[in-house]
Amino acid sequence: MTATTAEPVSGQRGVFSSLIHRQLDSYPDTGLRVFYLALTVLATVTLYYELYVGGSVSTLILTNLHMTFTFYVVATAVGNLIGAFGSLLAGLTDRYGRANLVVFGLLFTGIFVAFIIPTATSKWPFIIYTFVVGLVEGICLVATPALIRDFSPQVGRATAMGFWTCGPVLGSLIVSVVGTNTIPVTPGPRFWTHEYVICGIAGIVVFLISFVFLRELSPRLRDQLMVTMRDRALIEAKAKGVDIESALRHPFRQLIKPDIVISSFAVSVMLLIYYAAVGFLVIYLTTVFGFSLKDANGLGNWEWGFNVVALIAIGLISDRFRVRKPFMVIGGVMGAIVLVFYLQQATHHPSYYTLAILLALLSVGLGIAYTPWMASFTESVEHRNPALIATGLAVWGWILRVVVFVSALLVPVVVHSVTPLVTYGTQVSTYAAQYPSLTWAGAHPKIVHAVQTWSTELNFAAAHPAVVADAQKDATQIADAQRLAPELAVIESHAALFAQAQQFPPNKIPAKLTQQLIAAAGGGTKGLQILGTISANQAAITSVIAVAPQLQQISQFSTQLKALATVPPSVIAAATANQAELAQLAKVPPAVSTFMAAHASDVVTAAANEPREWQHWYWVCFGGIIFFLLSVPLLRGRWRPRDARRDEDEHEAMVAAELAKLAPSDV
């Protein structure tokens, strides 16, 4: 075997056999190695696209499948927990290989995303289907970085990991780009299935490509430490004597160490802000700032696009300077500072481009920190045992998903105002735009409440304005009519006698006529009292008789007028002053009024509280970045480029010495 040998597939296998047995017996040349790396990145991008596609239509999913925000978040959390145990299973790829898991995982997830998940018409089938996909992807998304490590020596590792790290980010970017270009301004509730079908078909296409071309290193090659490409000859020579079983004995016992476990937890809590964006960016932007679904996905383009550039660029720069830790610190500090400015926007009214710039800078900071971390983490695992790369990544993947699980359970506890906004906010806004009087009613709740309390009396007044006007104009006569009711009854019953008496002055009425009047009034003392009252109130009686026709009409509504008299004057004044608005409010359909009465207040309260609740969560994310910064010294790697170059020179000398010891036939 020579140092330049690089057969694509080991042995003399047929075409079909080579599609199942994918191991390479020699390290591939640069061109083929880059091809395998690119194909692994493509598979990673596709898997994350399938994992994140629901985020672009999350509001539609919640509405169409009748899920509350809390249910959705808890289900997402459980899905991550299931994926965590899928990640642990991926540790077995150190023993059984990685490529076939990735290839057939792509087939499985593609079929589910394209054809099975879109059939869900209620929340439980949807959630169960996504759990199944999450388990498979939990396995695949640990196998892919293991493949990246296998095909990339430590010098160049950051660049390779930068491209791999683009997988989740490019997956998010594709979700946003596809959503921006395919989601209409006013999508129907079932439109979410459209995005899943597009995504699943893309996954099946990538499966076909991977099925034909994806390969992996044999265990004897991948189980060794490779610092530079110049190590290739030594690695291939040593591969003959590698004891695989010994290297794989007690894998988790070898790697459950502080540097591996604490670093995995630290990067997981640093990424809380990233997972908040993946799961809730669209919800956050639509409910807090009022952006449309299309514009919210457009802002996602800024975040993921700049993150991709940062991930690749920092990988190249880190490899150029041969150090990781300084860039982790620079990225973490930048991310923490920008996050503070970003979270402050929740209680303001920033423009689209203000948020776009902040999201771009935040994602750049996270990218600067994360790519060097991935390179340094795999190098730390290699330092302990290069044969257990997948196991180390399984530990990282398990911790990451458990952290996401716990954080997802905490989100609805901290941010509990989202459900009314997502569930009812759109309908409340639609009704408010369709019936402007509802907005006025929301701004004047006391007036509306008072008018509703006295609605019967006020409706009567509105339907009988002439009666109410006469009652108000003749209020004195009405009172006198009630006070002098017996006297007026006598006068009405003996109108002729009293008409005759009016022809005489009060003290000149003939005695005979007087006796007749006393008798008409009831006779005796009673008659004298009534006549005295009539005489003393002559002017009031005359005024009552003058408006008798109006009083007779008013008497038909005496009950309603008495009730109207109990209405506070301030209520009548408010109803009169806002007559036009109240009239428009009365035209709102009862079903709309009922809906608004049940939910508008909750939506308004949630809209007022939600921004500060999100701020609280983003402060938790800020704490995660600080913890990450404190953990940086745990990982292997130099702080200064000259120290790193000295290590590399020493390694080169060691490789040269080892090669010199080997027999020519071994090299």
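Which translational diffusion coefficient, to the nearest whole µm²/s, is obtained for the stretch 272-336 from the Stokes-Einstein equation, given a Kirkwood hydrodynamic radius over C-alpha pairs, 10 °C and 1.306 mPa s?
On the way: Rh = 13.6 Å.
Answer from the Stokes-Einstein relation: 117 µm²/s.
What shape does the stretch 532-644 have by the C-alpha gyration tensor, where a ≥ b ≥ c are the square roots of the eigenvalues, rounded means a/c under 1.5, and otherwise prolate means a/b greater than b/c and oblate the rest? Cα axes put the stretch 532-644 in the prolate bin.
Projected over every direction and averaged, the convex hull enclosing the alpha-carbon atoms of the stretch 474-570 yields 7.3 nm².
Restricting the calculation to Cα atoms, every distinct pair contributes to the Kirkwood radius of the stretch 488-533, found to be 10.5 Å. Largest accessible area first, the residues Glu581, Glu648 order themselves as Glu581, Glu648 under a 1.4 Å probe with ligands, DNA and RNA left out. In order along the stretch 384-391, the phi-based Karplus estimate (6.51 cos²θ - 1.76 cosθ + 1.60, θ = phi - 60°) of 3J(HN,Hα) comes to 7, 5, x, 7, 10, 4, 5, 5 Hz; Gly and Pro are listed as x. Taking the empirical scaling 2.2 N^0.38 Å for compact globular proteins as reference, the stretch 421-476 has a Cα radius of gyration ratio of 1.71.
Averaging 1/r over each pair of different alpha-carbon atoms in the stretch 23-122 and inverting the result gives 16.2 Å, the Kirkwood hydrodynamic radius. Of the peptides 489-495, 125-131, the ranking by mean beta-carbon count within 10 Å, highest at the top, reads 125-131, 489-495. Rounded if a/c is under 1.5, else prolate if a/b is larger than b/c, else oblate: which is the stretch 312-423, with a ≥ b ≥ c the root eigenvalues of its Cα gyration tensor? Note, shape of the stretch 312-423 comes out oblate.
Where the convex hull is taken over the Cα atoms of the chain, what is its projected area averaged over directions, in nm²? Numbers along the way, then the final one.
Numbers: hull surface 162.4 nm².
Orientation-averaged projected area of the Cα hull: 40.6 nm².
For the stretch 448-527, what ratio Rg/Rh do Cα atoms give with a Kirkwood hydrodynamic radius?
Numbers: Rg = 20.6 Å, Rh = 16.0 Å.
Using only Cα positions, Rg/Rh for the stretch 448-527 is 1.29.
For the stretch 275-415, what does the accessible surface come to per residue with a 1.4 Å probe? Please give it in Å².
Per residue, the stretch 275-415 has 30 Å² of solvent-accessible surface.
Per residue, the convex hull spanned by the Cα atoms of the stretch 391-451 amounts to 107 cubic angstrom. Placing a label point 7 Å from the Cα of Gln579 along the Cα-to-Cβ direction, the residues of the stretch 467-489 whose backbone N falls under 17 Å of that point are 467-473. Taking amide H positions as modeled 1.01 Å from N, with prolines and chain starts lacking one, the residues under 5 Å from Leu24 and 5 or more places away or on another chain are Glu216, Leu217, Ser218. Remark on the stretch 549-610: ratio of C-alpha radius of gyration to 2.2 N^0.38 Å is 1.74. P(r) tail for the stretch 101-150: Cα pairs beyond 12 Å make up 63% of the total.
Averaging the sequence gap over all C-alpha pairs within less than 8 Å and six or more residues apart, then dividing by the number of residues, gives the chain a relative contact order of 22 percent. Applying both filters, DSSP loop and at most 14 other Cβ atoms within 10 Å, to the chymotrypsin sites (Phe, Trp or Tyr not before Pro) of the stretch 573-651 gives Trp639.
Dividing the summed helix terms, -39500 (n - 2.57) for each DSSP H run of n ≥ 4, by the number of residues in the chain produces a 222 nm estimate of -24500 deg cm²/dmol to the nearest 500. Surface composition of the stretch 386-458: carbon and sulfur make up 67 percent of the accessible area, probe 1.4 Å.
In this structure Asp647 has an accessible area near 50 Å², from a 1.4 Å probe over the protein heavy atoms. The calculated pair-distance distribution of the stretch 384-494 uses every alpha carbon pair, bins of 10 angstrom beginning at 0, and gives 10, 14, 16, 13, 11, 10, 8, 6, 5, 3, 2, 1, 0 percent. The peptide list 500-513, 550-563, put in order of mean Cβ contacts within 10 Å with the highest first, becomes 550-563, 500-513.
The values are calculated or read from the model by the stated rules, or taken from the named source; none is laboratory data. Quick caveat, the model's predicted, so the values are computed rather than measured. Positions of Cβ are generated from backbone atoms using ideal geometry, with glycine treated the same way; all protein chains shown enter the neighbour counts. Areas reflect the complete protein model, heavy atoms only, side chains present, ligands, DNA and RNA absent. Shrake-Rupley method; radii C 1.70, N 1.55, O 1.52, S 1.80 Å.
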